[in-house]
Amino acid sequence: MGSSSGSSLNSKIIRMSNKISDLSAKVCVLVLVCLLLGSSCKKSSDQTQQQSGLVPLDFKLPNKLGKVSFFEVYTAIALKYFLARNLDWAVFETGLGGRLDATNVVYPRVCMLTHIGYDHTHTLGNKLVQIATEKAGIIKDGALVVCARQRPAVLRVIKQRCRLKKASLFCLGRDFKTSNIRIYEWYTLFDFSFKDVTIKNIKIHLKGRYQVENAACSLAAYYLLKEDLDDDGPGSIKKALSQCNLMGRFEFFSRKPLIILDIAHNPSSLSALAENLKLYVPAKKVILIFACSQDKDAKSMLKMLAPARIIITRFNNPRSFEPQELAEKCGLENFLIADDIKKALVLAEKLYTEEHVIVVSGSVFLISEARQYLGDRSKAYSRTGTTPLLSGGIFEEAVAVAGG
C-alpha cells in the first residue's frame, strides 16, 4: 500500500475521531484500521502479507486520542476476527469498569452486571457508587439488563442508568429466582424460574454459592434472547451448564498434596474464596501462596483470609508487587518469601501435611504460572463422583442453602 493510501487512511481516522469524544474512539479507529487492512490485501505484492491480512500502513493516530493500550488493540483484533468468522452472537467481558472500557464500543442486545464490589479503585474510584457508575456505563439505549444481587446503593445507580437509557432491568431475586440449592462436594444442584419458565435440578460443577447466582444470570440472559436463538429446550441448557468449567476459579488442581487454585484478585473475590474454603474444606489449615498486582488493595485482600502459613511471592510481570514490599505494605509479621511460584510451591509442599490445603491466589498471572509449573496433575483428580474424595471434606449428603 503506497503513501497516498496511508494518507487517505489518516484523513479517515481524523474525521472519525473528531466525531467521537470518549476514550472508546481509539477502539473505533483501530477497528476501522483492521477492516481496511483486510481490504488492502489485494494491493500488497507480498504473498505472506496477503494471506495474513496484515499490510504495513503509514498512518498516525490523532494525538488527542492518546497512546493505544494493549487491551484496545486486542479488542479491535477480536472485533475484526468475529466479523470475519460471521458469528451469530459474541460475548464481550469488560476489561476494567465499563463506561470507558474498550469493549464499550459495542451496542449489546443484553447487558449483564454481576456482583459489584471494590476493584480497580485507583481508576474507578474508592466508593461503590463511583464504581457502580462506571460499570453501569455499559447500559445502552433500550438494552435488556440482567443484574445480580447488589448492595442498595449500587442498585440505585443501576436503576437510574436504566431509566436514563430506557433500558429494561431484570434483577435476581425479583424477576428471576433460584431455589432448592443443594451443594455437594463435586457439584451443585438448583432450580431456576423466570417468567413462565421453570427448570429443576440444574447441575453445575463450578463451586460456590456465587456460581449459582452467575449461572442464574446467564440463564436469564438466554431466555431474554430466546426468540432469536435455536432453542432445543431445557435439556440442552442443562447439558451446557453441566459441562461448563473455569480453570483457576476455586479449582481443586491436585489431590496429594491438596492444592486449590483461585484467581481471586480483589477483596470481594477473596471473601468468596474464604467462604468456599469454609464450605468445602472446613477442617483444613491453609498454606497460602499469595502475589498480586501493584494497583490492588493487597491489605484488604489478605484480611479476608486467616491462613496458618503465608508465602509471599511474585509473578513474571512488571505489575507484580515485589514480595518484601508487599509484606511491608500489608504489615505482615509471620511470613515466608519465595522469588517465584515454583519456589513457593516447593516451599509449601515442604510445610504440607494431611491437615493442610495449599491455596494459590491473588492474581490471574500467578495462577497461570502455577498451572504451567504444576503441569497435568489435575488429570488424576476426578470431579464427577458423588462420594467425597477429601478426608475432612464437607458433604456426604446435600446441604440445603437458602435460595433466591
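The values are calculated or read from the model by the stated rules, or taken from the named source; none is laboratory data. Note that the coordinates shown come from a computational prediction; the quantities given were computed from them, not determined experimentally. Virtual Cβ from ideal backbone geometry, glycine too; neighbours counted across all protein chains shown.
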Restricting attention to strands (runs of 3 or more DSSP E) lying wholly within segment 100-216, give those where 2 or more residues are more than 28 Å from F82 (Cβ to Cβ) and among the basic types (K, R).
176-183, 197-204
For segment 304-348, the count of residues that are within 24 Å of the chain's Cα centre (by Cα) and small (G, A, S) equals 1
Count, please, the residues in segment 150-176 that happen to be in contact (Cβ under 8 Å) with a residue 24 or more places away in the chain, under 15 Å from A220 (Cβ atoms) and surrounded by fewer than 17 Cβ atoms within 10 Å (Cβ to Cβ).
3
Filter result for F82 (modelled with pLDDT under 85 and either under 30 Å from Q150 (Cα atoms) or aromatic (F, W, Y) (or both)):
no
From the list G393, G404, which residue is under 30 Å from F190 (Cβ atoms), surrounded by 13 or more Cβ atoms within 10 Å (Cβ to Cβ), at pLDDT below 50 and touching a Gly at 6+ places or on another chain (Cβ under 6 Å)?
G404
Boolean, K226 is more than 16 Å from R109 (Cβ to Cβ) and among the basic types (K, R):
no
Out of curiosity, is P267 buried (at least 17 other Cβ atoms within 10 Å of the Cβ), of a type outside the set (K, R) and either at pLDDT below 95 or over 20 Å from A370 (Cβ atoms) (or both)?
yes
